[in-house]
Each structure stands twice: as C-alpha cells, then as structure tokens.
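The structure appears right after this line, and notes come after that.
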Amino acid sequence: MSTPTPTARSRRELTYAVLLCLAGAGLALWAVTRTWSVEVTARGPLPAARHARTGTDLLPWVSALALVGLAGGGAVLATRGRVRRLLGGLLTLVGLAVAAGGGYGLAAALAGAGRQWPALVLVGGLIATAGGALTGLRGDGWPAMGARYERRARPAGRADDRPAVERGTRDAWEALDRGEDPTVS
C-alpha cells in the first residue's frame, strides 16, 4: 500500500477542513431555526395561548455566527498562506462561540424546551471548530486557487495603440476584464 503524496494529502486536508466548516455551521444554522421552547399562557375560559420560540428568537447571535462560519468555510478556498491561517483562527473562535450558544441552550431552564436542537447547535459548533482548527494549524501548506483567478497586471506599454475592439475579440475581452473600455485607446 503506497502512502499518498504530499500534494494529495494537502488537498484531502483542505477538503476535510472546508467540509467540516460548512457542515458544522450548516447544522448549527439549521438547528437554531427550529422551535426550542413553547410558552403556554392561560387565558381563563379560553384555550391556552401557545407561543413557539426558535433558537434564533432566544439567541439571535448564534445564527449570525453560523452564517459567518458558512462564509468562512468558502473563504478557506480563496485564501492562502498566513491569511488562511488567520481565517482558520477566526473560524475556530466562531465555532467555539456557536458551540457556547448551544451549550447555553442546553443548560438554560427553558420552559417546555426540547434539548435536541441546542444539542445539535453544540455539535455543529464543535464540528466547525475542528475545521477552523485544522485550517489554522495546517492551512498555510495547502494548495491555493490557480493564477487564472487573479487579476493580471496591465503591461507597461503596448506596441499597438488601437482600441482593443480593432485588435481582436480576445483583446476586447481582456480589456473588459481589466475594467477598461475596449472602444477607446
């Protein structure tokens, strides 16, 4: 049995980290939108009024942090080096904060509260924390997006000063990519 090459191992770690961040934050976001408690209010001879409250109603910052975790999971792919490691540290903190929200939901004495949704938020936060920690520890050695996604520097001088439209279709499209008007020289 052969050992994987360093490049293959790096790609696999990158895939695991991104999936952990996305799955953990997604699970937490889904669980925080479920009904965590139901308040029953007696109304005399009328039937009791029931008011359902979601985790987002009780802890609105958890859903916001879960969205940050989702965005950060995608940002892991677009960053490299030190920036990726810093992003991993941020995702670790975000995951811990989401897990703390789930832990608070479990520990709080919520009237008529189900414990499964806060528990899933806690688990999702811990999964996202694992993805962020993996990114923070190992992320600088992972492959980055190809150079085709980076903006090219404009050449200092062109031999042909005609508008890009007159030079050819490819030059016109490249001028648009640079943010230039291809109809003027």
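Details
- Length released on extending from A71 to L19, taking residue separation times 0.36 nm less the Cα-Cα span: 17.5 nm
- Förster-model FRET efficiency, 41 Å R0, R178 and T3, C-beta, rounded to 0.05: 0.40
A short reminder: the numbers here are calculations on the coordinates, not readings from a lab. Everything numeric in this text was worked out from a predicted model, so none of it was measured. Glycine gets a Cβ as well: all are built from the backbone with ideal geometry, and neighbour counts include every protein chain shown.
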